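Working notes, structure below.
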Amino acid sequence: MGKDEPARARHVAIIMDGNGRWAKKRHLPRALGHQRGVEAVRRVVRGARELGLEALTLYAFSTENWRRPEEEVSDLMSLMKRFIVSDLDEFAEAGVRLKIIGDYRAFKSDVVELVEKAMARTAGNTGTTLAVALNYGSQDEIARAAAKAAAKGPVTPETISAELDTADLPPLDLLIRTSGEVRLSNFLLWQAAYAEMLFTDVLWPDFTAGHLKDALETFVSRERRYGGR
Ligand code: FPP
């Protein structure tokens, strides 16, 4: 990279928000909003690959999401399972490595088994890493990492970073949240220390690879503006 060339984003994370509002606007069931949300996931993962991102981290299920009605939680689980079953071949062939952050072992055994098989099958892939946050909470992740670091030796930002679920990913460059909400909601708090933030009114089911491309261009233009200081 030349001296004057701005850094390209290597790692983008997205808080996928607005599935419910997307469905409500159309008088459709929430489940359909989530279903369309999965289609957006598919588009954006393909886009991330084509744009050469090293890592894409998606907030699919937070530790707080358990408080939603049982039916919605179970809808989200079946969508997740169906997504893995239908898209795993494509990931495997396209060099995508699937990774999970968060305590996914709290899910039902069929989900855990499926996720572990998918991770094992794509473990050797060296293209884009798709990190899906499942039963993830950032404060919990930091507390776990700090405890592990303390058990090994001095607690410093570096030793904590090395124990985070994201330790093997490049530093987070850009964090996007859709649907007009302007909060981090316990997502990647540590990792966001130096990340750019982008909040868009687009509802997640309407988010396209084009929106991701625009976001990466915004990132580069911000780097260009501030990089020289
Ligand atoms: C936010 O919409 C979205 C979620 C809580 C779940 C995100 C899950 C998916 C897009 C599908 C499964 C994911 C993968 C990786 C296959 P909301 O229900 O909070 O929307 P609202 O705020 O408008 O009600």
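The table below lists the values:
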| item | result |
| --- | --- |
| Any hit, the range 2-18, residues being in a loop (DSSP other than H, G, I, E, B), free of Cβ contacts under 8 Å to residues at least 24 places away in the same chain and small (Gly, Ala, Ser) | yes |
| Scope the range 67-112; condition of a type in the set (Gly, Ala, Ser), within 21 Å of Gln139 (Cβ to Cβ) and assigned to a helix (DSSP H, G or I); matching residues | Ala106 |
| Residue check for Ala60: under 18 Å from Gly127 (Cβ atoms) and crowded, with 20+ Cβ neighbours inside 10 Å | no |
| Residue identified as touching a helix residue (DSSP H, G or I) at 6+ places or on another chain (Cβ under 7 Å) and more than 9 Å from the ligand (Cβ to nearest atom) among Trp22, Trp66 | Trp66 |
| Residue match in the range 150-168 (condition: within 16 Å of the ligand (Cβ to nearest atom), buried (at least 21 other Cβ atoms within 10 Å of the Cβ) and of a type in the set (A, V, I, L, M, F, W, C)) | no |
| Residues satisfying the stated conditions in the range 118-132, i.e. in contact with a helix residue (DSSP H, G or I) (Cβ under 8 Å, 6 or more places away or on another chain) and without any contact (Cβ under 8 Å) to a residue 60 or more places away in the chain | Ala118, Arg121, Thr122, Asn125 |
| First in the range 86-111 and surrounded by fewer than 16 Cβ atoms within 10 Å (Cβ to Cβ), second anywhere and of a type in the set (A, V, I, L, M) and not in a helix (DSSP H, G or I), Cβ under 9 Å, 6 or more apart | Glu90/Val96; Ala106/Leu134 |
| Qualifying residue in the range 33-40 (condition: more than 10 Å from the ligand (Cβ to nearest atom), modelled with pLDDT of 95 or more and of a type in the set (Gly, Ala, Ser)) | no |
| In the range 118-146, the residues that are away from the ligand (no atom under 16 Å from the Cβ) and either surrounded by 13 or more Cβ atoms within 10 Å (Cβ to Cβ) or basic (Lys, Arg) (or both) | Arg121, Asn125, Gly127, Asp140, Glu141, Ile142, Arg144, Ala145, Ala146 |
| Check on Ile160, part of a helix (DSSP H, G or I), modelled with pLDDT of 95 or more and either more than 26 Å from Ala7 (Cβ to Cβ) or of a type outside the set (Gly, Ala, Ser) (or both) | yes |
| Verdict on Phe61 being in contact (Cβ under 8 Å) with a residue 40 or more places away in the chain, assigned to a strand (DSSP E or B) and under 22 Å from Asn135 (Cβ atoms) | yes |
| Condition met for Gly47 (away from the ligand (no atom under 11 Å from the Cβ), part of a helix (DSSP H, G or I) and within 21 Å of Asp201 (Cα to Cα)) | yes |
| Cβ pairs under 8 Å, 6+ apart, first in the range 154-173 and farther than 20 Å from Ala55 by Cα, second surrounded by fewer than 19 Cβ atoms within 10 Å (Cβ to Cβ) and charged (D, E, K, R) | Thr159/Lys152 |
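The values are calculated or read from the model by the stated rules, or taken from the named source; none is laboratory data. No experiment lies behind these values; they were computed from the predicted model shown. Note that each Cβ is placed from the backbone with ideal geometry, even for glycine, and that neighbours are counted across all protein chains shown.
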